[in-house]
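Peer 1: Before anything else, here's the structure in question.
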Amino acid sequence: VDVLDTATGTWTQQHLSQARGALAAASLSTKVLFAGGAGGSICAVVDLFDAPTGAWSVSHLSQPRFGLVGIAAGGKAFFAGGVASSSALSDVVDIYNQVTGAWTTATLSEPRTSLTATAVGGNPELVVEGRTGELVTRSDPHAMAHAMLRYYSDPLKCLQQGREARERTQDGEVAERR
């Protein structure tokens, strides 16, 4: 694993506890979690890297699998789905709580692999309609597609709104509202 020290801009090479591919990763504040994967066999290992200390620790998923997805939101890391054996997909979601260090599980509506995930909600105050972006409801994929097409066809608008959003966060305008 290549690790960037953002303070110095230097890269160092680190090693996971077990070499493997088709794993998932999620970043929580100062920790990065590398979960599951396959390297000779399907694995349940989770390598946790603490960036400030450079320390590594090891934990385990509730079920060995590869081809899973990882995402962080709300102080938790979620590792969902994947391939649990040569022919069985997984419906398991392993959830790591950054505050407690505890793991819990949930279940997807059906077993899946090759997932894509994104964090939703959380900070709608960061977007000022027409000034720093566009807000669409997550239940309206057509509105999302049209918004994306509008930005694609107008790169100047995209650049201007991106600058405005950055300025709002840098000058504390958003922080004052929280």
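Peer 1: With the crude spin-label approximation of a point 7 Å out along Cα→Cβ, what separation in nm comes out for T107 versus A147?
Peer 2: 3.3 nm
Peer 1: Amide H of L89 versus every other amide H placed in the peptide plane: which residues, excluding those fewer than 5 positions away on the same chain, fall under 5 Å?
Peer 2: A84
Peer 1: With a/c under 1.5 counting as rounded, go ahead and sort region 1-64 into rounded, prolate or oblate using the C-alpha gyration tensor (a ≥ b ≥ c being the square roots of the eigenvalues; past the cut-off, prolate if a/b is larger than b/c, else oblate).
Peer 2: prolate
Peer 1: Once you order the gyration tensor axes a ≥ b ≥ c over the Cα atoms, which shape class does region 36-118 get: rounded for a/c under 1.5, otherwise prolate or oblate by comparing a/b with b/c?
Peer 2: Values: a/c = 2.09, a/b = 1.40, b/c = 1.50.
The shape class here is oblate.
Peer 1: Roughly how many nanometres apart are two label points built 7 Å out from the Cα toward the Cβ at E129 and D5?
Peer 2: 4.8 nm
The numbers here are math on the coordinates, done by the rules we state, and not lab data. Just so it is clear, the structure is predicted and the values come from calculations on it, not from any experiment. Note that we place each Cβ from the backbone using ideal geometry, even for glycine, and neighbour counts take in every protein chain shown.
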